[in-house]
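Read through the structure below, which is laid out as structure tokens, and then see the notes.
The values are calculated or read from the model by the stated rules, or taken from the named source; none is laboratory data. It should be emphasised that the depicted structure is a prediction, and the values quoted were computed from it without experimental measurement. Note that each Cβ is placed from the backbone with ideal geometry, even for glycine, and that neighbours are counted across all protein chains shown. Only protein heavy atoms, including side chains, enter the accessible area calculation; ligands, DNA and RNA are left aside. Shrake-Rupley method; radii C 1.70, N 1.55, O 1.52, S 1.80 Å.
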Amino acid sequence: MNINILKNLSYGVYVVSTPNGEKSTGCIANSLMQITHDTIAVSINHKNYTNECIKKYKRFAISILGVETDDNVIPVFGFQSGHEVDKFQGVKTITVDGIEVIENSVGYIICELVNMMETETHTVFLGKITNGEILHEQIPMTYAYYHAVKNGKSPENAPTYIEEKATGDLAYKCRICGYIYEGDITKEPDTYVCPICKKGKEFFDRV
Ligand SMILES: Cc1cc2nc3c(=O)[nH]c(=O)nc-3n(C[C@H](O)[C@H](O)[C@H](O)COP(=O)(O)O)c2cc1C
């Protein structure tokens, strides 16, 4: 089997948000698609806090990220967990039908949970669309654009995660996003941050 064939599937990049008590929480997902005229499916890892909250509150929102969406949205929602942080603090949002969505995005879709299916690692949630709006006329970000132009990575919880290997003799790997730094990271200034998840060099291990 040639695993590289899977790299030819096409996706967008989204924030899937849910209620979380008085607030909202959410995570980045690329594994999302429209199933029928009013139904969306999205696959969320069992370990993600977002998974727990969708099951509890039975509703979720999708923010469609664009190429002009703020660069901090993917690091905040894709590389840290709502188990530990309030992700919506510091991100410009609007609240629609009780769920926060990303303001600087192409727009949002609101769904009510109608069904779900378990796999070994992920839950596939089926949502019936109850609301939606365009917010900004910008080009939707594709997963391919995220990788090619933003040099993006996906963490282990993402269904499309593929582990990267170092090519040189001296290299360090970011524990958060898997980014490989080729060379001696100790020579970088203390202000150095990972270009993908924005964590400091103390998050890198020698590989
Ligand atoms: C580009 C990208 C795509 C991702 N796609 C998915 C996905 O489709 N499903 C998923 O469960 N996690 C996906 N993730 C990983 C989650 O966003 C990540 O594990 C997040 O920290 C989970 O946060 P939570 O625990 O607050 O829910 C993706 C991350 C990135 C950066």
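Within region 163-192, residues that are touching a residue at least 60 places away in the same chain (Cβ under 8 Å) reach partners that are part of a loop (DSSP other than H, G, I, E, B) and open to solvent by 40 Å² or more (accessible area, probe 1.4 Å) with beta carbons closer than 6 Å, at six or more positions or on different chains, in the pairs Ile176/Lys199. Residues that are over 22 Å from Cys174 (Cα atoms), open to solvent by 60 Å² or more (accessible area, probe 1.4 Å) and either modelled with pLDDT under 95 or near the ligand (Cβ under 10 Å from one of its atoms) (or both) within region 46-67 comprise His46, Glu52, listed in sequence order.
Given the options Ser43, Ser24, name the one that is near the ligand (Cβ under 8 Å from one of its atoms) and open to solvent by less than 60 Å² (accessible area, probe 1.4 Å). Only one candidate qualifies: Ser43. Based on this model, can you work out whether Glu133 counts as closer than 21 Å to Ile40 by Cα and open to solvent by 70 Å² or more (accessible area, probe 1.4 Å)? Yes: the conditions hold for Glu133.
Pro19 passes every criterion in (1) buried (at least 16 other Cβ atoms within 10 Å of the Cβ); (2) more than 15 Å from the chain's Cα centre (by Cα); (3) under 18 Å from Ser154 (Cβ atoms) apart from (3).
Within the group Ile99, Ile74, Ile109, which residue is buried (at least 17 other Cβ atoms within 10 Å of the Cβ), under 29 Å from Cys174 (Cβ atoms) and touching a residue at least 40 places away in the same chain (Cβ under 8 Å)?
Working: Ile99 fails: under 29 Å from Cys174 (Cβ atoms); Ile109 fails: under 29 Å from Cys174 (Cβ atoms).
Answer to the check: Ile74.
Report yes if Thr142 is under 19 Å from the mean Cα position of the chain (by Cα), more than 8 Å from the ligand (Cβ to nearest atom), closer than 20 Å to Ser24 by Cβ and surrounded by 14 or more Cβ atoms within 10 Å (Cβ to Cβ), otherwise no. Talk me through it step by step, then tell me what you get.
Numbers: under 19 Å from the mean Cα position of the chain (by Cα): yes; more than 8 Å from the ligand (Cβ to nearest atom): yes; closer than 20 Å to Ser24 by Cβ: no; surrounded by 14 or more Cβ atoms within 10 Å (Cβ to Cβ): yes.
So Thr142 does not fit the description; no.
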